[in-house]
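Report on the structure given below.
The values are calculated or read from the model by the stated rules, or taken from the named source; none is laboratory data. Bear in mind the structure is a predicted one, so any value in this text is a computation, not a measurement. Using ideal geometry, Cβ is built from the backbone for each residue, glycine included, and neighbour counts are taken over all protein chains shown.
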Amino acid sequence: MTAPDVAAGVDLATLNELPAGSFADAIGLLFERAPRFLARLARARPFRSWDELFERAESVARSMPEPDQLQLIDGHPRLGADPALLRPRSEQSWREQGYDRLEPEQVATELARLNDAYEARFGFRFVVFVAGRSRADLLPIMSAALGAERGTEIRRALSDVVAIARARREHLRWP
């Protein structure tokens, strides 16, 4: 069996039956194609519902060794990344980050500064479930995160990675 057409959506019964590599190909869009995470999630099948898949996804993500957790987090593009580079890499992230809306240049400058500070402090990328908020709305959230403990930030980022995947599935209207 080959991977189904991702653009057309994937039903859960099909996902449960696919070989591990095809499963990763089919669902990778939801999780920015993080290979070690997707291999583990494939082994966590079968899923009786999408809710169960996402609950297990968070459990799998939290139970992985830290290097694998960071691969999953860092698979997401940098918040405020150059839109010309972001869009070809991840159309989903480009839209989620609101590049279809204009924002003042100082927002991009502040995001770059906060990203640099966050990555220097924690050693991984800042990931947050945008949920329709503007990049300007995210500045105080990102700034506050700089005061958190590293382990707390890893757990928060992993939860947000799963929240992003849930929202993507709903946006794509997968069965």
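Annotation note: Cβ proximity below 6 Å between a residue of the stretch 17-46 that is assigned to a helix (DSSP H, G or I) and a residue that is surrounded by fewer than 17 Cβ atoms within 10 Å (Cβ to Cβ) and among the basic types (Lys, Arg) (sequence gap 6+ or interchain) occurs for no pair. The residues of the stretch 116-156 that are in contact with a Phe, Trp or Tyr (Cβ under 7 Å, 6 or more places away or on another chain), buried (at least 18 other Cβ atoms within 10 Å of the Cβ) and assigned to a helix (DSSP H, G or I), listed by number, are Tyr118, Met142, Ala145, Glu153. Total residues in the stretch 29-72 satisfying the condition of being in contact with an Asp or Glu (Cβ under 7 Å, 6 or more places away or on another chain) and over 16 Å from Asp160 (Cα atoms): the figure is 1. Are any residues in the stretch 27-55 out of contact with any Leu (no Cβ under 6 Å at 6 or more places or on another chain), among the hydrophobic types (A, V, I, L, M, F, W, C) and surrounded by 21 or more Cβ atoms within 10 Å (Cβ to Cβ), and if so, which ones? Within the stretch 27-55, Ile27, Leu30, Phe31, Leu38, Leu41, Leu53 qualify. Annotation: Gln97 fulfils all but one of (1) among the polar types (S, T, N, Q); (2) farther than 24 Å from Gly132 by Cβ; (3) modelled with pLDDT under 70; the unmet one is (2). For the stretch 110-163, residues that are over 18 Å from Pro65 (Cα atoms), at pLDDT 95 or above and among the β-branched types (Val, Ile, Thr) total 3. For residues that are touching a helix residue (DSSP H, G or I) at 6+ places or on another chain (Cβ under 6 Å) and of a type outside the set (A, V, I, L, M, F, W, C), scanning just the stretch 144-168, find the one that is farthest from Gln106 (Cα to Cα). Here the answer is Arg166.
For the stretch 56-84, give me the residue count where each residue is over 20 Å from Leu172 (Cβ atoms) and either surrounded by fewer than 17 Cβ atoms within 10 Å (Cβ to Cβ) or not aliphatic (A, V, I, L, M) (or both).
Within the stretch 56-84, the subset over 20 Å from Leu172 (Cβ atoms) is 59-71, 73-74, 78-84.
Those still in the list that are either surrounded by fewer than 17 Cβ atoms within 10 Å (Cβ to Cβ) or not aliphatic (A, V, I, L, M) (or both) too: 59, 62-63, 65-69, 71, 74, 78, 80, 82-84.
Of the residues in that region, 15 qualify.
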